Amino acid sequence: MSKFFNLGNGSTWPGHIALSINKNFIRDVLRNSKVKIILIAGTNGKTTTAKLIRTILEYDKKSLPAHWRVFQNAAGANLLNGIASSLVLHSTVVCKLNYDYAIFEIDENTLPLILHEINNPDFIIILNLFRDQLDRYGEVNTIAKKWEDAIRHLLSKTTLILNADDPQVAFLGEKSKSNVLYFGINPANKTEKNQHASDSNYCPNCGERLIYNSIYFSHLGDWICKNCGFEHPKKTFTQSPFYPLSGTYNEYNTNAAVLLAKLNNVSNRAIEQSLRVFKPAFGRQEILKINDKKVQIFLSKNPASFNESLKTIANLNANNLLLVLNDRIPDGRDVSWIWDVDFEDFSSQFKNITVTGDRAFDLGLRLKYAEFKNFQTKKNLAEATNVALEKTLKNETLYILPTYSAMLEVRKILTGKSIL
Amino acid sequence: MIHNTKYKLTIGWLYPELMSTYGDRGNIIVLQKRCEWRGIGVEVLKLDLHFNLNQLAQCDLLFMGGAQDKQQKIVSEDLMKKRNALQNRIEDGIPGLYICGAYQLLGRYYKEAERTIIPGLNIFDLYTGNPGLNVSRLIGNVAIEFQGVNSYSPSRCNHSYTLVGFENHGGRTYLGKNVKPLGKILKGFGNNGEDGTEGAIYKNSFGTYFHGPILPKNPEFADLLIKVALEKKYGSPIDLSPLDNSIEMQARKTIANRLNVEL
């Protein structure tokens with residue numbers, strides 16, 4: 001339909017128009033469709049999980065014509081108008097959806113609104129809940145309460161796929177009438193020290209402090225409440241046949257996607273083969289080749305994701321690092337969260353560190369107080385990227401950790417090759 | 001690093017587990033490092049739920065951050081039982097920094113949108129009202145003119161100094177006669193978005209809505225807290241050795257330029 005207007009994939013205004021003409025647009029399009037709806041919510045990992053699921057399902061249906069398979073909303077277009085846009089883009093002139101699956105990643109605040117429009121989606125995956133953009137989303141407990149209220153009304157047609165290791169997410173399954181399944185990660189050898197930015201160490205049921213047998217990262221782990229008896233779900237899916245991306249956080253994303261694939265009768269063989277050819281979503285461990293040097297971008301937008309990125313690249317023996325901190329609306333205007341990142345654990349880890357972005361000096365200040373010695377701060381992003389690349393030796397990798405808008409900018413600089 | 005064993009400070013961090021949401025631990029890191037870099041011995045005592053009153057007595061400087069509502073309720077119940085001990089220390093002039101939720105808690109009361117009144121610790125002469133979820137929170141970068149603590153402490157900070165930070169609060173705080181504002185709003189909202197004041201000073205205690213966190217980008221204010229704590233403990237005027245504040249200055253400038261205020 002929107003092809004008439006020659007609109008790109010990322011635009012949200014077709015949806016905006018559709019919703020202003022018919023406020024029930026989403027409901028009406030989906031009413032007569034057999035498309036299976038998969039919603040993905042959570043602070044971190046939505047885009048990667050959506051891409052994992054899409055890769056597996058498309059691989060599984062590869063004998064069918066393309067338009068009979070899977071579509072998803074554009075990454076980041078995860079408010080109501082983004083969902084509506086993707087419906088405009090993929091429906092026929094008579095508003096018919098000829099697809100098997102629709103995958104929608106949903107913004108934390110939008111989940112209740114979308115559940116109002118899509119009463120009983122087939123699947124809802126909830127990945128995690130971390131502190132993120134407190135100026136925009138409010139506090140973790142506020143979001144948890146909104147989700148709880150929205151999910152309470154779901155019926156058994158919906159399958160809820162929840163992270164068992166996140167107590168506040170696991171709690172959503174307690175009072176649900178839906179079919180509830182849990183995923184987690186394999187706990188072998190995963191005990192780690194407590195991270196500072198830990199948000200849900202208290203029982204979501206009774207408020208007592210939770211006891212952790214082990215902590216995987218932030219407040220994710222094997223937990224139990226000794227007061228009310230609320231405990232980590234026993235039956236938890238933890239074993240994908242293959243993990244295409246590094247980092248503990250991607251084990252969660254992969255296990256969630258694989259559990260969903262299994263529920264849709266995708267064979268183990270197809271799952272493994274599709275994951276082996278998986279290509280990361282843009283900016284999410286995406287690899288770019290710049291002449292004879294490799295660049296890998298790790299979107300790092302809140303304390304939990306920043307900590308995980310640092311840990312992951314440290315395990316990859318990273319030498320060269322470019323950190324980019326912006327404070328625009330998609331990043332959150334408040335940059336105080338950088339003080340909740342455990343930089344202290346990495347103060348002598350990296351050889352060549354360049355710091356940049358709209359709030360470069362705030363991040364430089366953070367590194368100074370974490371006793372980093374060898375970093376330089378440059379206000380201009382293009383210049384900083386150039387310096388960081390120059391210092392990266394041939395056949396080495398430059399690891400870039402940007403916030404959201406910074407990721408888009410740095411990608412443009414690198415792929416547009418405007419600085420080289 | 002030179003270790004000057006002559007001076008030592010014990011910093012009491014009230015409820016680090018529950019009251020630490022907006023990067024407020026940055027304040028502790030800054031106090032600790034600025035002492036260490038000068039060779040001042042420093043110990044941070046974490047005063048978590050059910051802490052012992054003897055620990056409070058050992059502290060030379062207190063800090064408490066902001067929190068989520070649920071956590072704040074748990075803290076407020078615990079702190080009510082320790083109210084008198086904390087009041088005695090504050091009246092006695094122990095320097096302290098209290099951010100957002102902690103600042104509100106030290107006041108007389110907090111009135112919720114539904115008109116429920118939650119009693120505060122009643123140590124600072126101020127109260128806070130929350131106009132409810134339908135009224136906007138006060139969010140954004142903020143700058144104030146800090147007027148120093150001339151008559152409130154044995155130390156002197158005679159010149160005015162611009163404090164920069166970020167505020168994010170639903171509650172509106174109104175000051176009584178027995179406290180002075182921390183400063184005058186240059187840009188932003190401050191205590192209530194109406195009367196041009198931000199924060200409160202009582203004796204050597206400072207309450208504020210500044211996140212950011214406040215101390216990294218306002219190193220002179222951090223040093224003032226350290227200086228007052230040392231002078232109080234050792235009973236004589238102390239001059240702190242200067243530190244390189246060049247990154248601090250540039251980070252301050254970023255905000256000052258955006259808000260179009262002078263530093």
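The values are calculated or read from the model by the stated rules, or taken from the named source; none is laboratory data. What you see is a predicted model, and the numbers here were worked out from it, not measured in a lab. Note: ideal-geometry Cβ built from the backbone for every residue, glycine included; neighbour counts use all protein chains shown.
Just name the residue that is nearest to A:Leu97 (Cα to Cα) out of those in region A:20-54 that are surrounded by 20 or more Cβ atoms within 10 Å (Cβ to Cβ) and out of contact with any strand residue (DSSP E or B) (no Cβ under 9 Å at 6 or more places or on another chain).
Among those that are surrounded by 20 or more Cβ atoms within 10 Å (Cβ to Cβ) and out of contact with any strand residue (DSSP E or B) (no Cβ under 9 Å at 6 or more places or on another chain), it is A:Val29.
Specify the residue that is farthest from the chain's Cα centre (by Cα); the eligible residues are those in region B:32-71 that are away from chain A (no Cβ under 14 Å) and charged (D, E, K, R).
Applying the first criterion (away from chain A (no Cβ under 14 Å)) to region B:32-71 yields B:38-41, B:43, B:45, B:47, B:51-62, B:64.
From the residues that got through so far, the ones that are charged (D, E, K, R) too are B:38, B:43, B:60.
Values: B:Arg38: 22, B:Glu43: 19, B:Asp60: 15 Å.
Checked region B:32-71; the qualifying residue farthest from the chain's Cα centre (by Cα) is B:Arg38.
Suppose we filter region B:51-78 for residues that are touching a residue at least 60 places away in the same chain (Cβ under 8 Å), of a type in the set (A, V, I, L, M, F, W, C) and under 30 Å from A:Lys145 (Cα atoms); how many remain?
Looking only at that region, the number is 1.
Return a yes/no flag: does region A:342-362 have any residue that is buried (at least 21 other Cβ atoms within 10 Å of the Cβ), among the polar types (S, T, N, Q), in the same structural domain as A:Lys311 (by TED's automatic domain parsing) and over 24 Å from the mean Cα position of the chain (by Cα).
yes
Can you tell me which residue among A:Ile118, A:Ile161, A:Ile143, A:Ile124 is more than 14 Å from chain B (Cβ to nearest Cβ), within 20 Å of the chain's Cα centre (by Cα) and closer than 21 Å to A:Leu80 by Cβ? Reasoning before the result, please.
Working: A:Ile118 fails: within 20 Å of the chain's Cα centre (by Cα); A:Ile161 fails: closer than 21 Å to A:Leu80 by Cβ; A:Ile143 fails: more than 14 Å from chain B (Cβ to nearest Cβ).
Residue meeting the stated conditions: A:Ile124.
What are the residues in region A:295-317 that are surrounded by fewer than 17 Cβ atoms within 10 Å (Cβ to Cβ) and either within 17 Å of the chain's Cα centre (by Cα) or in contact (Cβ under 8 Å) with a residue 12 or more places away in the chain (or both), if any? Spell out the reasoning first.
Here is the first cut: in region A:295-317, the ones surrounded by fewer than 17 Cβ atoms within 10 Å (Cβ to Cβ) are A:314-317.
Passing the criteria: A:Ala314, A:Asn315, A:Leu316.
Which one of these does B:Gly165 not meet: (1) assigned to a strand (DSSP E or B); (2) away from every other protein chain (no Cβ under 14 Å); (3) small (Gly, Ala, Ser)?
(2)
Quickly run through region B:19-31 and pick out the residues that are at pLDDT below 95 and either within 10 Å of another protein chain (Cβ to nearest Cβ) or not in a loop (DSSP other than H, G, I, E, B) (or both). Spell out how you get there, then give the answer.
Taking region B:19-31 and keeping what is at pLDDT below 95, we get B:19-25.
Once the filter is applied, which keeps residues that are at pLDDT below 95 and either within 10 Å of another protein chain (Cβ to nearest Cβ) or not in a loop (DSSP other than H, G, I, E, B) (or both), region B:19-31 yields B:Ser20, B:Thr21, B:Tyr22, B:Gly23, B:Asp24, B:Arg25.
Among the numbered criteria (1) within 14 Å of another protein chain (Cβ to nearest Cβ); (2) in contact with a helix residue (DSSP H, G or I) (Cβ under 9 Å, 6 or more places away or on another chain), which single criterion is violated by B:Tyr202?
Result: B:Tyr202 passes all but (1).
For every residue, the table says whether it meets (1) buried (at least 22 other Cβ atoms within 10 Å of the Cβ); (2) of a type in the set (S, T, N, Q).
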{"residue": "A:Ile211", "(1), (2)": "no, no"}
{"residue": "A:Ser214", "(1), (2)": "no, yes"}
{"residue": "A:Gly221", "(1), (2)": "yes, no"}
{"residue": "A:Ile224", "(1), (2)": "no, no"}
{"residue": "A:Asn227", "(1), (2)": "no, yes"}
{"residue": "A:Tyr249", "(1), (2)": "yes, no"}
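Collect the residues in region B:229-263 that are in a helix (DSSP H, G or I) and in contact with a strand residue (DSSP E or B) (Cβ under 8 Å, 6 or more places away or on another chain), keeping them in residue-number order.
If we filter region B:229-263 for residues that are in a helix (DSSP H, G or I), which is where we start, we get B:229-234, B:246-259.
Scanning region B:229-263 gives B:Ala229, B:Leu230, B:Lys233, B:Ile247, B:Gln250, B:Arg252, B:Ile255, B:Ala256, B:Arg258, B:Leu259.
B:Gly212 is checked against (1) small (Gly, Ala, Ser); (2) within 14 Å of chain A (Cβ to nearest Cβ); (3) surrounded by fewer than 20 Cβ atoms within 10 Å (Cβ to Cβ) and fails just one. What number does that condition carry?
(3)
Could we say that A:Asn380 is at pLDDT 95 or above, of a type in the set (S, T, N, Q), under 20 Å from A:Met407 (Cα atoms) and surrounded by fewer than 20 Cβ atoms within 10 Å (Cβ to Cβ) here?
Answer is yes for this residue.
Of all residues in region B:90-124, count the ones that are in a loop (DSSP other than H, G, I, E, B) and either closer than 21 Å to B:Pro181 by Cβ or touching a Ser or Thr at 6+ places or on another chain (Cβ under 6 Å) (or both). Outline the logic, then answer.
Just the residues of region B:90-124 that are in a loop (DSSP other than H, G, I, E, B), to begin with: B:92-95, B:100, B:106-108, B:112-116, B:120-124.
Next cut, either closer than 21 Å to B:Pro181 by Cβ or touching a Ser or Thr at 6+ places or on another chain (Cβ under 6 Å) (or both) only: B:93-95, B:100, B:106-108, B:120-124.
Qualifying residue count, region B:90-124: 12.
Which pairs turn up if I take residues in region B:132-143 that are at the interface with chain A (Cβ under 8 Å from one of its Cβ atoms) and look for partners that are part of a loop (DSSP other than H, G, I, E, B) and at pLDDT 95 or above with beta carbon separation below 8 Å, at least 6 apart in sequence or on another chain?
Taking only residues 6 or more apart or on different chains, the pairs are B:Gly140/B:Gly188; B:Gly140/B:Phe189; B:Asn141/B:Gly188.
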